[in-house]
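Q: I am attaching a structure below and will ask some questions about it afterwards.
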Amino acid sequence: MNTSTVSFSGRALLILCMVLLYACGGEPPGEEAADLERLDSLGAEEEVLHQEESDSEVWDGENGERTVEIILAGFNQVPIRHTPAMGQAYVRLLGDTLYVTGEFSDLRDRYWSSHIHFGREGEQGNSLLRLQVEVDEEATGGRFTEENRFYLRENLRDLLSQGRLYINVASRRYQGGEIRGQIPPLSE
């Protein structure tokens, strides 16, 4: 069996996902340029490394610290959300403490809530940890504040090491979640 590895840039991955969404009856492709500009403004044109069922990049730091960048998008939602909203989150594990920072923009309606949920990729799950957000003037975007620091007990560390947690951002229109990003397996 001949196998090969394919690596996509964030821009190529977004274009591929947009083409698939539009082919399946999504929104008209007139907003592609605006979507690409938003992606560029988030710096997502950099190479995305492929990991187990994840399109996230992981950095190892000093003192056993591990950081991962997660793309938040409607095509990660269950069911898929046809939305111009997108974002990025940085999840850092240092010892037994998890830190979450990042930003998101262009929700279809006013911001509702953000959480870390239990669930594998493609599954919906219960919320476990509430994320603190500073919302922008239009209330359709925001940033995860420095207060998102969580001590992880053994059961949450196990879920994190198995890749069974995801970040979910909800709007008034999509209270179950508008954009989402799976946290890849992360452990010390």
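Every number here is computed from the coordinates shown, using simple stated rules; none is lab data. All of these numbers come straight from a predicted model, not from anything done at the bench. Here the Cβ is made from the backbone with ideal geometry for all residues, glycine too, and neighbour counts use every protein chain on show.
Q: If a residue counts only when it is closer than 27 Å to HIS82 by Cα, which strands (runs of 3 or more DSSP E) contained entirely in segment 134-188 have at least 1 such residues?
A: Where strands (runs of 3 or more DSSP E) fall fully within segment 134-188 and carry at least 1 residues being closer than 27 Å to HIS82 by Cα, they are 142-144, 165-171, 179-183.
Q: Another question, then. Going through segment 131-145 one residue at a time, which ones are charged (D, E, K, R) and touching a Ser or Thr at 6+ places or on another chain (Cβ under 7 Å)? Step through it out loud before you land on a result.
A: From segment 131-145, those charged (D, E, K, R) are 134, 136-138, 143; that's our starting set.
Listed by number, the list holds a single entry, GLU134.
Q: Among the residues of segment 107-129, write down those that are surrounded by fewer than 20 Cβ atoms within 10 Å (Cβ to Cβ) and assigned to a loop (DSSP other than H, G, I, E, B).
A: Across segment 107-129, the qualifying residues are ARG108, ASP109, ARG110, GLY119, ARG120, GLU121, GLY122, GLU123, GLN124, GLY125, ASN126.
Q: Shifting gears a bit: State whether the residues of segment 85-102 include one that is farther than 18 Å from GLU65 by Cβ and surrounded by fewer than 19 Cβ atoms within 10 Å (Cβ to Cβ).
A: Looking only at segment 85-102, we keep the residues that are farther than 18 Å from GLU65 by Cβ, and these are 85-88.
Filter again for surrounded by fewer than 19 Cβ atoms within 10 Å (Cβ to Cβ), leaving none.
No, the conditions are met nowhere in segment 85-102.
Q: Of the residues ASP96, ASP106, which single one is in contact with a helix residue (DSSP H, G or I) (Cβ under 8 Å, 6 or more places away or on another chain), over 15 Å from LEU152 (Cβ atoms) and of a type in the set (D, E, K, R)? Full working, then the answer.
A: Values: ASP96 fails: over 15 Å from LEU152 (Cβ atoms).
After ruling out the rest, the residue left standing is ASP106.
Q: Is at least one residue of segment 77-87 closer than 15 Å to ARG172 by Cα, in contact (Cβ under 8 Å) with a residue 40 or more places away in the chain and small (Gly, Ala, Ser)?
A: Yes, segment 77-87 contains a residue that is closer than 15 Å to ARG172 by Cα, in contact (Cβ under 8 Å) with a residue 40 or more places away in the chain and small (Gly, Ala, Ser).
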